[in-house]
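The values are calculated or read from the model by the stated rules, or taken from the named source; none is laboratory data. Quick caveat, the model's predicted, so the values are computed rather than measured. All Cβ positions, glycine included, derive from the backbone under ideal geometry; neighbour counts span all protein chains shown. Ligands, DNA and RNA are stripped out before the accessible areas are found, and what is left, the full protein with its side chains, is counted by its heavy atoms. Shrake-Rupley method; radii C 1.70, N 1.55, O 1.52, S 1.80 Å.
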Amino acid sequence: MRITSANPQLSPSPGSETELRLEGLWRVVVLNDPVNLMSYVVMVFKKVFGYDEQTARQKMLEVHEQGRSVVWSGLREKAEAYAFTLQQWHLTAVLEPDEAH
Amino acid sequence: MKRIEVKLALPVVAPLLDVIKELADSLRKNLAAPLELKDLDPEFREAWTDELLSTQNEEVSTLLALFDDDFFGDGVVAFDENNAEIIVRACAAVRLRLREKYLKPLGDEALESGDLDLMTLDEPLRKAFMCYLFLATIQELIIQHLDESILGA
């Protein structure tokens, strides 16, 4: 699926800003939209992340009430794969550096 | 295989199909949910967009195919584990496009609650909002009855 991939586990070559930027952990954040049904968002979270009903519902409520929810955190390449899958379900997802790590 | 059949009122649903077909055309080259990832490599972004559009078009075609000649004969549509996930996603895509194209003037609060007096809306807006509710109903039916099929797929 990826065309240009930076493996976060490799040491970046000198001057490789892209790889430096993509190192570390990234968060997958789902943004709220006024259209998708709550039950739909819960189902997508269960399907994509394997969350149980309670966790999926809690994440959905965060999206609904706070406008966003961090649904996953980890290496960039996998974060991108999750963002792509969420887009396939017509949810809007963004990636941001996980600065807690 | 679990399967649900729903009998729809043809006089109510038939006019909404024109709206869905029109939106299907506008979804051919536009993603229903915008790609917000700012720092993707341009080639990567293009590949993503192409793949997402291709999937989206297949989904919407499957939704439209529900309303074939048989449907106009008996008014019945059927959902099972083979089409549930595709249809529920197609409904999401069309509903997002409905908001973009017609429903923004109603405000997001009204769209989230669905609480609107249809009689106060002019004809194109009323038709678009009815279509929005119709597709939500299909989604709810599928999620309520076929959630496990989708999760197991």
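Please work out if B:Glu123 is open to solvent by 50 Å² or more (accessible area, probe 1.4 Å) and either within 12 Å of chain A (Cβ to nearest Cβ) or within 14 Å of the chain's Cα centre (by Cα) (or both).
Taking the combined requirement at face value, the residue does not satisfy it.
So which residues in segment B:126-153 are facing chain A (nearest Cβ under 9 Å) and either in contact with a Leu (Cβ under 7 Å, 6 or more places away or on another chain) or open to solvent by 30 Å² or more (accessible area, probe 1.4 Å) (or both)?
Residues satisfying the conditions are B:Tyr132, B:Ala136, B:Gln139, B:Glu140, B:Gln144, B:Leu151, B:Ala153.
Report, by residue number, each residue of segment A:34-53 that is facing chain B (nearest Cβ under 10 Å) and hydroxyl-bearing (Ser, Thr, Tyr).
A:Ser39, A:Tyr40 - these are the residues of segment A:34-53 that are facing chain B (nearest Cβ under 10 Å) and hydroxyl-bearing (Ser, Thr, Tyr).
When the residues of segment A:75-86 are narrowed to those that are open to solvent by 10 Å² or more (accessible area, probe 1.4 Å) and assigned to a helix (DSSP H, G or I), which ends up farthest from the other protein chains (Cβ to nearest Cβ)?
The initial filter retains those residues of segment A:75-86 that are open to solvent by 10 Å² or more (accessible area, probe 1.4 Å), namely A:75, A:77-78, A:81-82, A:85.
Within this subset, residues satisfying the condition of being assigned to a helix (DSSP H, G or I) are A:77-78, A:81-82, A:85.
Values: A:Glu77: 11, A:Lys78: 14, A:Ala81: 11, A:Tyr82: 11, A:Thr85: 10 Å.
Here the answer is A:Lys78.
Applying the selection to segment B:69-102, what residues are open to solvent by 10 Å² or more (accessible area, probe 1.4 Å) and closer than 13 Å to B:Val13 by Cβ? Lay out the reasoning, then the answer.
Taking segment B:69-102 as the starting set, the residues that turn out to be open to solvent by 10 Å² or more (accessible area, probe 1.4 Å) are B:69-70, B:72-74, B:76, B:78, B:80-83, B:85-86, B:89, B:96-97, B:99-102.
Passing the criteria: B:Phe72, B:Asp74, B:Val76.
Return a yes/no flag: does segment B:31-44 have any residue that is under 21 Å from B:Gln139 (Cα atoms), under 14 Å from the mean Cα position of the chain (by Cα) and in a helix (DSSP H, G or I).
No, the conditions are met nowhere in segment B:31-44.
I'd like the full set of residues that are out of contact with any Ser or Thr (no Cβ under 7 Å at 6 or more places or on another chain), outside any strand (DSSP E or B), closer than 15 Å to A:Pro34 by Cα and within 14 Å of chain B (Cβ to nearest Cβ), limited to segment A:54-74.
If the condition is that a residue be out of contact with any Ser or Thr (no Cβ under 7 Å at 6 or more places or on another chain), outside any strand (DSSP E or B), closer than 15 Å to A:Pro34 by Cα and within 14 Å of chain B (Cβ to nearest Cβ), then A:Met60, A:Leu61, A:His64, A:Glu65, A:Gly67 are the ones that fit.
For segment B:12-48, how many residues meet the condition of being farther than 28 Å from B:Leu133 by Cα and either open to solvent by less than 60 Å² (accessible area, probe 1.4 Å) or polar (S, T, N, Q) (or both)? Before the answer, list the steps.
Filtering segment B:12-48 down to residues farther than 28 Å from B:Leu133 by Cα leaves B:37-48.
Next, only the ones that are either open to solvent by less than 60 Å² (accessible area, probe 1.4 Å) or polar (S, T, N, Q) (or both) stay: B:37, B:39-41, B:44, B:47-48.
Of the residues in segment B:12-48, 7 are farther than 28 Å from B:Leu133 by Cα and either open to solvent by less than 60 Å² (accessible area, probe 1.4 Å) or polar (S, T, N, Q) (or both).
Before we move on, is B:Thr137 among the hydroxyl-bearing types (Ser, Thr, Tyr), more than 24 Å from A:Lys47 (Cβ to Cβ) and free of Cβ contacts under 8 Å to residues at least 40 places away in the same chain? Let's see the steps before the verdict.
Working: among the hydroxyl-bearing types (Ser, Thr, Tyr): yes; more than 24 Å from A:Lys47 (Cβ to Cβ): no; free of Cβ contacts under 8 Å to residues at least 40 places away in the same chain: yes.
For B:Thr137, the condition - among the hydroxyl-bearing types (Ser, Thr, Tyr), more than 24 Å from A:Lys47 (Cβ to Cβ) and free of Cβ contacts under 8 Å to residues at least 40 places away in the same chain - is not met.
If a residue has to be touching a residue at least 60 places away in the same chain (Cβ under 8 Å) and farther than 23 Å from B:Glu148 by Cα to count, how many in segment A:47-95 make the cut? Quick ask: steps written out before the conclusion?
Step one: filter segment A:47-95 for residues touching a residue at least 60 places away in the same chain (Cβ under 8 Å), giving A:75-77, A:80-81, A:84, A:91-95.
Imposing the further condition that a residue be farther than 23 Å from B:Glu148 by Cα reduces the set to A:75-77, A:80-81, A:92-95.
Selection size over segment A:47-95: 9.
List pairs: first in segment B:27-48 and farther than 25 Å from A:Pro34 by Cβ, second open to solvent by 60 Å² or more (accessible area, probe 1.4 Å) and part of a loop (DSSP other than H, G, I, E, B), Cβ under 6 Å, 6+ apart or cross-chain?
B:Glu43/A:Ile3; B:Phe44/A:Ile3; B:Ala47/A:Ile3
Among (1) assigned to a helix (DSSP H, G or I); (2) at pLDDT below 95; (3) buried (at least 17 other Cβ atoms within 10 Å of the Cβ), there is one condition B:Leu116 misses while meeting the rest; what is its number?
The one condition B:Leu116 does not meet is (1).
Taking the conditions exactly as written (surrounded by fewer than 17 Cβ atoms within 10 Å (Cβ to Cβ), facing chain B (nearest Cβ under 9 Å), within 30 Å of B:Gln144 (Cα to Cα) and modelled with pLDDT of 95 or more), does A:Leu31 satisfy them or not? Reasoning before the result, please.
On the way: surrounded by fewer than 17 Cβ atoms within 10 Å (Cβ to Cβ): yes; facing chain B (nearest Cβ under 9 Å): yes; within 30 Å of B:Gln144 (Cα to Cα): yes; modelled with pLDDT of 95 or more: yes.
When the stated conditions are applied, A:Leu31 passes them.
Quick grid of which residues meet (1) assigned to a helix (DSSP H, G or I); (2) within 13 Å of chain A (Cβ to nearest Cβ); (3) out of contact with any helix residue (DSSP H, G or I) (no Cβ under 6 Å at 6 or more places or on another chain); (4) under 16 Å from B:Leu17 (Cα atoms):
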site: B:Glu59; (1), (2), (3), (4): yes, yes, no, yes
site: B:Ala78; (1), (2), (3), (4): no, no, yes, no
site: B:Arg89; (1), (2), (3), (4): yes, yes, no, no
site: B:Arg95; (1), (2), (3), (4): yes, yes, no, yes
site: B:Glu100; (1), (2), (3), (4): yes, yes, yes, no
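What's the number of the only condition in (1) more than 25 Å from A:Ala83 (Cα to Cα); (2) surrounded by 13 or more Cβ atoms within 10 Å (Cβ to Cβ) that B:Glu59 fails to meet?
It is condition (1) that B:Glu59 fails.
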